[in-house]
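First up is the structure itself, then whatever we jot down about it.
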Amino acid sequence: FPVTISYPELEESLIPSASFENDLGQWVGVSATLTRSVPRGTLFDETCTHGTAFCKVQATGSSNFGLSTPNIPINSGSGYYTSVAIRPENLDAFGVYTIELSIYDEVNQVLVSRTSTASVRRQDRWAYLATYVTAVETTGASYAKVRILALPDTPEPGHVFHVDRVVFRE
């Protein structure tokens with residue numbers, strides 16, 4: 001990996017490695033492989049929204065693909081907000097993108113799940129998705145998961161999108 005300057009992770013996010021500044025943390029690929037990337041500048045159409053790194057998500061199959069957090073401990077009775085910056089690497093990855101926030105109780109049952117979707121058709125700028133749950137909806141909650149998924153117009157292995165600045169906060 002190229003050497004990167006010391007840049008702190010997002011302080012307002014409860015997700016470790018929310019901007020992939022030091023590593024991929026505990027993020028898990030969903031029908032995808034994940035790679036930490038340091039941008040090479042605007043000449044290569046690579047920029048960040050925060051810091052000096054981002055995550056490349058590459059499809060391993062012919063369906064939707066993306067990444068997910070591990071279980072994130074949360075406080076019952078608190079509202080939560082999540083957002084993400086995404087960008088297709090090229091027109092092969094143009095399609096529908098989704099951020100999903102799921103809240104679980106202590107026996108792994110989903111209490112509430114919220115999604116936000118957008119059709120993304122540009123590779124030259126970051127698109128932002130966000131969703132939230134209210135405090136009333138998290139009564140009895142134990143943990144949360146955030147998933148970011150892409151469904152390209154023509155799903156095939158090898159399609160790539162970029163992820164940066166994943167905020168999850170109370």
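Numbers below:
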{"quantity": "The chain: relative contact order in percent, alpha carbon pairs under 8 Å with at least 6 residues between", "calculated": "31 percent"}
{"quantity": "Simple label model, 7 Å out from Cα along Cβ direction - Ser62 to Val112, nm", "calculated": "3.9 nm"}
{"quantity": "Residue with peak Gaussian network fluctuation, the chain [Cα springs, cutoff 10 Å], from Asn71, Asn22, Asn108", "calculated": "Asn108"}
{"quantity": "Convex hull projection area averaged over all views, segment 98-166, Cα basis, nm²", "calculated": "5.9 nm²"}
{"quantity": "Dipole of the chain, positive direction: furthest Cα of Gly140, Ala93, Val28, with charges on the beta-carbon", "calculated": "Ala93"}
{"quantity": "Computed lengthening from Ala130 to Thr49, 0.36 nm per intervening residue step minus Cα-Cα distance", "calculated": "27.6 nm"}
{"quantity": "Descending principal axes extents, the chain, alpha-carbon based, whole Å", "calculated": "48, 38, 22"}
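We did not get these values from a lab; they are worked out from the coordinates using the rules stated. If you're wondering where the values come from, they're calculated on a predicted model, not measured in any experiment. Neighbour counts run over all protein chains shown; Cβ positions are idealised from the backbone, glycine included.
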